[in-house]
Amino acid sequence: MPDTQPTALVDAAQPTLPTIGILGAGKVGTVLSRLLLAAGYRVLIAGSGSPAKISLIIDVLAPGAVAMTASEVARDSDIVILALPLGKYRSIPADLLEGKLVIDAMNYWWEVDGIRDDLNDPRLSTSELIQSFLPASRVVKAYNHMGYHDLDEGPAPLGTPDRKAIGIAGGDELALADVAALVNASGFDPVLVGTLRDSINLQPGSELFGANFTASGVQDAVARFPSTERGLEVAAARAGDELLSAT
Amino acid sequence: MTTGSIEFGLNSFGDVPTDGDRTLSDAETVRLLVQEAKHAEKVGLDVFSIGEHYREGYVDSAGPVLLAGIATATESIRLGTSVTVLSTNDPVRLYNEFSTLDALSNGRAQLVLGRASQTQSFPLFGYNLEDYETLFEEKLELFMKLQREESVTWSGTVRAPLTNQTLHPTMRPGGIPTWIGVGGSPNSVIRAARYGLPLMLAIIGGEPHRFAGHVDLYFRALEQFGLPRQPVGQHALGLIADTDDEAAETWWQAWQPLVTQMGRERGFYPPTRERYDLELATGALFVGSPETVAQKIVRMTDELQISRFDLKYDIGGLPVDARARTIELFGTKVAPRVRELLAEREAAADASDPGASDPDASDAPQPGGHDLYPIGSTHA
Ligand SMILES: NC(=O)c1ccc[n+]([C@@H]2O[C@H](COP(=O)([O-])OP(=O)(O)OC[C@H]3O[C@@H](n4cnc5c(N)ncnc54)[C@H](OP(=O)(O)O)[C@@H]3O)[C@@H](O)[C@H]2O)c1
């Protein structure tokens, strides 16, 4: 069995790979760490507290990732994935994320976040909310719609028949391309599902939420969304809003 | 790694069943649970446990009362909870209830503490869901102090302080068996280890072997805290019938509408039949003939190193007869078959080179946790 190479050597061999930071060391954060480490990325990760609190978790569940504080992760990473409870988004170190690509994997889950009308507004996707909280970052939504056990079990090499897909959404072409590359490297087909405004089609209440589909399955669900109950509700709420703001 | 000894528990959430084209009343369901617990005892199962829910279709809201009734109707089966929602219970009250149950049942009480997958108790008793972590953390600290210390002094933010308090009836020394139920959050695993409490994995979807890392984490955390190994159990949903097909059909009839309703509340779409079949084949549902279910449980002893397996046999709308059949087959067929398979393997392992791999486990995805998550991080 060959020795595993120290992280530094891997980095030197693949100098172009960005460093990935993950905020949240829970179910999703540890699974994403594993996937990205396996793809050869350097991964920095934080929970809400000190690195010591999560060091054993990371040692066992995502060996190779580096536990840090949230601020250090934000500062030292090229791409930062948000994998903390959405209700706590205001604790994200916004200033340290300026100019960075930020991947929003968060969902409104009322059993964790409590009943929050601001996170459950059909007029505004939660990623739009995150983008306005991080005005100087480029926000892309990804990795939110698939259950963490499917994320764990799903990765497959590019070209595998029935490879599962992850919907991504955003407005910045370059950022989308970077996220697509990351999703691909982590073992899933990236499928563009629209802008951040459209990303409500990845949120709870949409057919894609919880979906473990192939690329064509995701595309079909995106196409169907406007005619679903949820799609109609969103369209009606947004039309009403536009009418109001026009008067 | 397996050991020959394994315990079997029957879990109920007090789901209201059907009988022919009639749905039982809540009161009838409560009385049925007593009969089912007696049935579980008769077929030799080790533990009967009930959950804690506060919504239509479930009658397990007053757990200790129900368990007390069962205690006086049974002799030997141990009685516990499949989850007590500690965050919205008062630890002092809980102690009183379970010390009384333990006295009444002559030392048969136990419980699993955790967060139910449903959270109606928070608004019902005036708690905020956002405070979940603090509530659980503080109340666990207090509850364990009450069980482990004779006279307790405690103060915190979630209830009135206690000064040199002793409660009665007092529990047996050290308290009753108290497990921590976890649903996948690594933090909760560490918490169980910190208190040296046994770990109950609630696995209700996906492939169970993905919890192997959690088991590994649990054992390593116990080691780090300088505490002895504790047992790991698994709580799973399922139904046992005479054939695989019959089991699959009967469960689907009740499970599909239930999961559809859950999805509506939480914003996900119901699973397809294809997904369901996968859950049966390699996933978290223990639905099938006695042989199928026994084989699957044996696999869990490999993959998750469990020494306790709890089957939740009731989901809303299931016919009473199907429930009774599950209990019967679980006790008379599945449990002995699992024990037989484990004993055979142990004998085979003893006879062969101790380093050789177990032939029965060769088709299992990844036995144990170590292969899945090799240790070797850059920081300790
Ligand atoms: N569960 C799923 O299947 C799934 C799938 C896709 C997306 N998601 C979304 O992913 C997010 C995480 O979900 P989860 O299931 O992984 O939850 P989880 O297991 O509860 O983990 C949440 C993690 O976030 C950390 N955290 C909290 N505040 C933080 C902060 N200010 N900075 C950094 N870390 C912080 C927590 O640390 P502490 O323990 O120290 O507080 C914990 O490690 C949620 O938004 C969820 O909706 C979940």
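The values are calculated or read from the model by the stated rules, or taken from the named source; none is laboratory data. Since this is a predicted model, take the numbers as computed values, not measurements. Using ideal geometry, Cβ is built from the backbone for each residue, glycine included, and neighbour counts are taken over all protein chains shown.
Some notes on this structure:
- Among the candidates A:Asp241, A:Asp178, A:Asp189, A:Asp150, residue that is surrounded by fewer than 23 Cβ atoms within 10 Å (Cβ to Cβ), touching a residue at least 24 places away in the same chain (Cβ under 8 Å) and within 14 Å of another protein chain (Cβ to nearest Cβ): A:Asp150
- The range A:131-145 - residue that is within 16 Å of the ligand (Cβ to nearest atom) and outside any loop (DSSP other than H, G, I, E, B) and, of those, nearest to the other protein chains (Cβ to nearest Cβ): A:Lys141
- Residue in the range B:137-152 that is surrounded by 15 or more Cβ atoms within 10 Å (Cβ to Cβ), at pLDDT 95 or above and not in a helix (DSSP H, G or I) present: yes
- Within the option set A:Tyr108, A:Tyr89, being in a loop (DSSP other than H, G, I, E, B), under 15 Å from the mean Cα position of the chain (by Cα), within 14 Å of chain B (Cβ to nearest Cβ) and within 9 Å of the ligand (Cβ to nearest atom) holds for one residue only, A:Tyr108.
- Residues in the range A:4-40 that are modelled with pLDDT under 80 and more than 10 Å from chain B (Cβ to nearest Cβ): A:Gln5, A:Leu9, A:Val10, A:Asp11, A:Ala12, A:Ala13, A:Gln14, A:Pro15.
- Of the residues in the range A:62-82, at least one is closer than 30 Å to B:Val85 by Cβ and under 13 Å from the mean Cα position of the chain (by Cα).
- The residues in the range A:146-172 that are touching a helix residue (DSSP H, G or I) at 6+ places or on another chain (Cβ under 7 Å) and more than 16 Å from the ligand (Cβ to nearest atom) can be counted, and the count is 2.
- When B:Ser49 is tested against (1) under 18 Å from B:Ala202 (Cα atoms); (2) in a loop (DSSP other than H, G, I, E, B), just one condition goes unmet, and that condition is (2).
- Criterion: more than 14 Å from chain A (Cβ to nearest Cβ) and either surrounded by 16 or more Cβ atoms within 10 Å (Cβ to Cβ) or at pLDDT 90 or above (or both) - qualifying residue of B:Pro257, B:Pro271: B:Pro257
- Applying the condition of being within 16 Å of the ligand (Cβ to nearest atom) and in a strand (DSSP E or B) to the range B:155-194 and asking which residue is surrounded by the fewest Cβ atoms within 10 Å (Cβ to Cβ) yields B:Ile180.
- Residues that are within 11 Å of the ligand (Cβ to nearest atom) and surrounded by fewer than 20 Cβ atoms within 10 Å (Cβ to Cβ), drawn from the range A:73-86: A:Pro85
- Unmet criterion (only one of (1) farther than 25 Å from B:Gly238 by Cα; (2) within 10 Å of chain A (Cβ to nearest Cβ); (3) touching a strand residue (DSSP E or B) at 6+ places or on another chain (Cβ under 7 Å)) for B:Ile203: (1)
- Count of residues meeting criterion [among the basic types (Lys, Arg) and more than 10 Å from the ligand (Cβ to nearest atom)] in the range A:34-72: 2
- Qualifying positions in the range A:174-204 - in a helix (DSSP H, G or I), in contact with a Gly (Cβ under 8 Å, 6 or more places away or on another chain) and of a type outside the set (Gly, Ala, Ser): A:Leu176, A:Val179, A:Asn201, A:Leu202
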